[in-house]
Structures are given as structure tokens and as C-alpha cells.
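The values are calculated or read from the model by the stated rules, or taken from the named source; none is laboratory data. Just so it is clear, the structure is predicted and the values come from calculations on it, not from any experiment. Here the Cβ is made from the backbone with ideal geometry for all residues, glycine too, and neighbour counts use every protein chain on show. What goes into the accessible areas is simple: the full protein's heavy atoms, side chains included, and nothing from ligands, DNA or RNA. Shrake-Rupley method; radii C 1.70, N 1.55, O 1.52, S 1.80 Å.
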Amino acid sequence: MSVIKTIKIKDSIFQDLKKLAEKENKSEETIINESLEKTISENEIFENRKKYPDGIPIEIFASEFGETPEEFKRRLEKVKTEESIKVDINELKKELDL
């Protein structure tokens, strides 16, 4: 669902926004949405760092991949013995909500 709301942007910021949009061949709206998404994502990461200062518990991380902690640990052990790991970066971003 899309909500359209009029917002005021300072002229100097709007001019910078227009230049950036032209440079990246995107609309001003796209630039604003991407910036907001990045800010929200960074805030979520910051909140998780506060919530888990010693790192995300393996149970939570494994559940993001639909695995038990034991299954996830086995997969990590297997990765240690391989020289590389095949990863679909878009799928990984989706799984990690990035």
C-alpha cells in the first residue's frame, strides 16, 4: 500500500538530491526511499548490537536459515574444510533482512 504525503525539503538538500538523482540516473523518490531503507536497516543493526553485545546467539542466527543450531554448526564445520562457499548474495540479503 502506498501512502502519498507532502513533505517539505530544504532547498539546498533538494538541490543536492536532484544532482544525486541525475548522477545515479534515478528519480528523487527512489533516492529518498533507498536512503530511508538504508537508515532503517542501520538502525536495526545498531539495536541488535545493543541487544546482543557479545554477538547474536547461534540459535537466533540458525533460525534465520530455518535450521536447528546443530544443523547450522554442521554446515559451518563443512564450510571450514572447503576453499569457498557458493552463496546467492540476494538470497543471503533476503534471509538476513539486509
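Structure above, values below:
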{"item": "Heavy atoms of E59 accessible to a 1.4 Å probe, total area in Å² rounded to 10", "result": "110"}
{"item": "Sequence-distant lysines (8 or more away, or on other chains) whose Cα lies within less than 21 Å of K26", "result": "K5, K8, K10, K18, K38"}
{"item": "Of all accessible heavy-atom area on the chain, the percent that carbon and sulfur account for (1.4 Å)", "result": "53"}
{"item": "For T81, solvent-accessible area (1.4 Å; no DNA, RNA or ligand), Å²", "result": "120"}
{"item": "Computed [θ] at 222 nm, deg cm²/dmol, the chain (DSSP H ≥ 4; -39,500 (n - 2.57); rounded to nearest 500)", "result": "-21000 deg cm²/dmol"}
{"item": "Descending principal axes extents, the chain, alpha-carbon based, whole Å", "result": "55, 31, 28"}
{"item": "Cβ-placed point charges (K, R +1; D, E -1), dipole of the chain about Cα centre in debye, nearest 20", "result": "340"}
{"item": "Fluctuation leader among I40, I56, I13 - the chain, Gaussian network, Cα springs under 10 angstrom", "result": "I13"}
